[in-house]
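Heads up, the thing below is written out as structure tokens.
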Amino acid sequence: MKKAILIFLCSALLLSGCQSTAGSVQSSGAPPSQQPSAPPSAEPNAPAARQTDSPSLPVSGDTPSGDGFQKEMSVNHPFRLSAACMGNGGYYLMNEGYLYYMEAASGRMVLLCGKPECDHSDPVSCNAWANTKFLTFYDGKLWYTNSDAFHDSRLTLCTMAPDGSDHRDVQCLMTQEDFVGWSAADFEPMLWNGEIYFILQDKRVCKNRIGGEPEDNVTLFTLDATDKLKWNWRFWADGDSAYVMCIYMDKNGYYQAALTLLGDSPTDTREIWHSASYTRVGEDVEFYLNGVDKFPFYITGGHLYYLATGAFWDVDLTTGAETKLAEVSGNQALFTDDAMYLYSAPDRTIAVYGLDGTQRGAVSLSPIYAAYDNISSCDPVFADGGMFYLLCYRGSYLSVTSSLYRIDTATGEVLELRDWPATNQEPPQQNSGEILIGAGL
Ligand SMILES: [Zn+2]
């Protein structure tokens, strides 16, 4: 096993509070020789069968957040890990339409299908198939949405049991008239306090109670798209308030973000914050998800925290007062209720800041690049409990081959989660002669 030296960097400002540590890339799961063999199915992308030493499928309905909205899990949606949520003692992660359960403590993963006869190649029958951008845990069940052909292309709210069994359609969120035409849903609905918030194809922002009929949808407002070239949405909830952030490119090519406080009706729904105009948001992703989803923000305690133009900002949503907390290097971030984790691709670091703008330390990602020489880009996934989860594409941008890492920001340990199904995913044939698979780790 190739070892790499891990360097735990301390901020020059915080030397007294940090200790240097040295280590290596750790690896969860079985070594390559014990990785599960390919399933018997002829489907090239069917997920691998369960390993005998994989964690058990979760059965408990307990959930860390009772209201259905999981802040920490709602920050980023990498293309190849399009949905994630917390369960009891672990996380549910989506890759290529299939759900996996990861034990938080061990980092081990298991495909969320316990059917002994299933080869996981048939989306109709495999328990693990959900193919959604929306995933949360509420009332003892996993919730997701789907608008595939089996749902007549209409956005439908669905549930399954914590172990992936018992898929059920709860309600369709679109009337026949609401269906304008097929399009990929580029937003994540929000389930919060017994209601579901979502966007219809004619740009209406709506909510409905769980179990309601589509005729009961309440339209809170309609996006005025006359001055916008493209846009994306992110719902949020904090305290007693629900919000939606609209991130858009205006007709002059500038990016802006607008935060709307969502009430129970149009009369108590209003825009409460509007950003400056930026020449760009994020650092890439022009060609998927409208290219405007990389606006890192987080709302907690009535404050909006966001990252823009090389700075970390704090907005008091009650007074509107806006404060620049710190000048920073990096333009992708994850948040929790007490920290911002700033990912800098050029520096290959994750810097940790308190929500007062104080830098607490930084972790080097150099072990990742030492272990694989074909890392093309990395995308933050979520942060929880001081752990930062990072998805790194190998071979090409948005490659089907990727490695998932758990980085302990307190100790600097970098753990590669070897059960991640895309770790050993074969790249497309036309690229196979050019891509080096880092199987020598
Ligand atoms: Zn299956």
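Every read-out reported here was derived from the displayed coordinates using simple, explicitly stated rules and does not represent laboratory data. Predicted, not measured: the structure shown is a model, and the values here were computed from it. All Cβ positions, glycine included, derive from the backbone under ideal geometry; neighbour counts span all protein chains shown.
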Phi-derived 3J(HN,Hα) across the stretch 259-265 with the Karplus relation (6.51, -1.76, 1.60, θ = phi - 60°), rounded Hz, x for Gly and Pro, is 9, 10, 7, 9, x, 8, 7
Rounded to 0.05, the calculated FRET efficiency for the beta carbons of ALA105 and THR411 at R₀ = 22 Å is 0.90
So THR279 and ASP347, fully extended at 0.36 nm per residue minus their Cα-Cα distance, gain in nm 22.3 nm
Counting only residues 5 or more apart in sequence or on a different chain, those whose built amide H sits under 5 Å from that of LEU262 are ALA242, TYR243, VAL244
For LEU404, LEU157, ascending order of other Cβ atoms within 10 Å (fewest first) is LEU157, LEU404
Two pseudo-spin positions, 7 Å from Cα along C-beta at ASP373 and at LYS115, lie apart in nanometres by 4.4
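What area, in nm² and to one decimal, does the C-alpha convex hull of the stretch 48-222 cast on average over all directions?
That works out to 9.9 nm², a quarter of the Cα hull's surface.
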XL table LYS115/LYS207; LYS115/LYS141; LYS251/LYS294; LYS71/LYS324; Cα-Cα > 28 Å flagged, in table order, is LYS115/LYS207
When TYR372, TYR397 are ranked with the fewest other C-beta atoms within 10 Å first, the list becomes TYR397, TYR372
If every Lys and Arg gets +1 and every Asp and Glu gets -1 at its Cβ, then about the Cα centre the stretch 48-222 yields a dipole, in debye to the nearest 20, of 380
